[in-house]
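The values are calculated or read from the model by the stated rules, or taken from the named source; none is laboratory data. Fair warning: this is a prediction, and the values are worked out from it, not measured in the lab. In this analysis, Cβ positions are derived from the backbone assuming ideal geometry, glycine residues included, and neighbour counts consider all displayed protein chains.
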Amino acid sequence: MDKRTFLKNASLASLAAITSLPVLGCMLPEPAPATTGNAEEDYWLTVRAGYIIRPEYINLENGFYCMMPQEIFKKYDGHIRAINVQGAHYMRTQQAENKKKVAVKLAELAGCSADELIITRNTTESLDMIIAGLDWKPGDEAVMAHQDYGAMLDMFAQVSRRHGVVCKKISVPANPQTDEEVIAVYEKAITPKTKLLMVCHMINITGQILPVKKICDMAHKHGVQVMVDGAHAFAHIQYRIDELGCDYYGCSLHKWLSAPLGSGMLYVNKKHIPNIWPLFAEEGKEKNDILRLNHTGTHPPATDLAIMDAIDYYRAMGGERKEARLRYLQQYWTQPIKELPKIVLNTPAQPQRACAIANVGVKGMTPAQLATTLMDRYKIYTVAIDNVAAGVQGVRVTPNVYTLTQDLDTLVRALKELAA
């Protein structure tokens, strides 16, 4: 084959790949019924084999970004190459239609209508669009928590300065025994002037899962809209957005779905779409068309396409199986150390109130000291959380599906030694 023929055939293959949006050929073993414990270790060893893992340290900070397994990464790389071959032709003739296809598949997984969902770059973009896009009036009130993510709290602070919005911060009970304890704290902050309530589905610094549906039902009785930060919940725990009853839901897909960096999602209940000001102006669409909120200028479309592959991978593994494994891993390391005198667990003890994420502190050590010691002495990578306002001081420990129990044995040994 001469060089010209080779290049032509390679180009045609790339074009076919991008046009057909192929389904991921998953190499995962056939799923068995979801279980937990050591009987599953062979399966998870197979999952781990699909990742490129650095041997110098144990990565227990997957909450910021859950790296892609190689199956998804190779598909992503293929999308980049194929789009590069087509250039502007793809961007002008196929990009928009393919993005719609991705949104339809994503909406099916999320449990909502495709005409209520857009693909964004991350949770911050999704939720800041709502916070900044509401038609605020001076004296309007918004309710949020000290435990909420800083980027959203910053945007609320900005609309407070700009529009005279009153921001009311509550503190979520650290170890509630009932849902009603949490709901009561939010309800107490609501007044006739409250316009929006923000709530985390899963608090990023502690891993606590909040009773979102019950909070939404309570807020709606008072005529208050609810915006949910689902950054850590999506593809982590099982739920459907249409069953939560929220008005807005934002999340990042590069976390627990393991899509490429820079992929997120925003759900807006269709009755609210006409009332949101876009982050970037879009005058060419009807007010009830959610795509008018999705104008961000030119961006990398291969990221959008790889969301399809990440969904296929997630479904091949099984959402219930994944959630069960992640909760098992968290319980595996927290149970042996929770009663130690110098250990402080900042995550609820009841298993249903958390999943993969947990936060631990050691008395006498600052979060930074603990994180540094775990890395330097034990080669365990975590992240320090020093949030005095939220009452959370420790390190966040976030395993992923490739994490093995022997990795967590090292963590348990380290914590026992440091707490001795």
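Does the range 266-278 contain any residue that is under 30 Å from F73 (Cβ atoms), assigned to a loop (DSSP other than H, G, I, E, B) and either in contact with a Phe, Trp or Tyr (Cβ under 6 Å, 6 or more places away or on another chain) or not assigned by TED's automatic domain parsing to the domain that holds A306 (or both)?
Taking every residue of the range 266-278 in turn, none turns out to be under 30 Å from F73 (Cβ atoms), assigned to a loop (DSSP other than H, G, I, E, B) and either in contact with a Phe, Trp or Tyr (Cβ under 6 Å, 6 or more places away or on another chain) or not assigned by TED's automatic domain parsing to the domain that holds A306 (or both).
Quickly run through the range 150-183 and pick out the residues that are in contact with a strand residue (DSSP E or B) (Cβ under 6 Å, 6 or more places away or on another chain) and in a helix (DSSP H, G or I).
If the condition is that a residue be in contact with a strand residue (DSSP E or B) (Cβ under 6 Å, 6 or more places away or on another chain) and in a helix (DSSP H, G or I), then F156, S160 are the ones that fit.
May I ask you to list the residues in the range 364-410 that are closer than 24 Å to M68 by Cβ and in contact with a Ser or Thr (Cβ under 9 Å, 6 or more places away or on another chain)?
The answer is M375, K379, I380, T382, V383, R396, V397, T398, N400, V401.
Assuming D376 fulfils every condition listed in (1) outside any loop (DSSP other than H, G, I, E, B); (2) closer than 26 Å to W256 by Cα; (3) not β-branched (V, I, T) apart from one, which condition is it?
(2)
Of the conditions (1) assigned to a helix (DSSP H, G or I); (2) in contact with a helix residue (DSSP H, G or I) (Cβ under 6 Å, 6 or more places away or on another chain); (3) under 29 Å from I130 (Cα atoms), A356 fails just one. Which one is it?
The number of the failed condition is (1).
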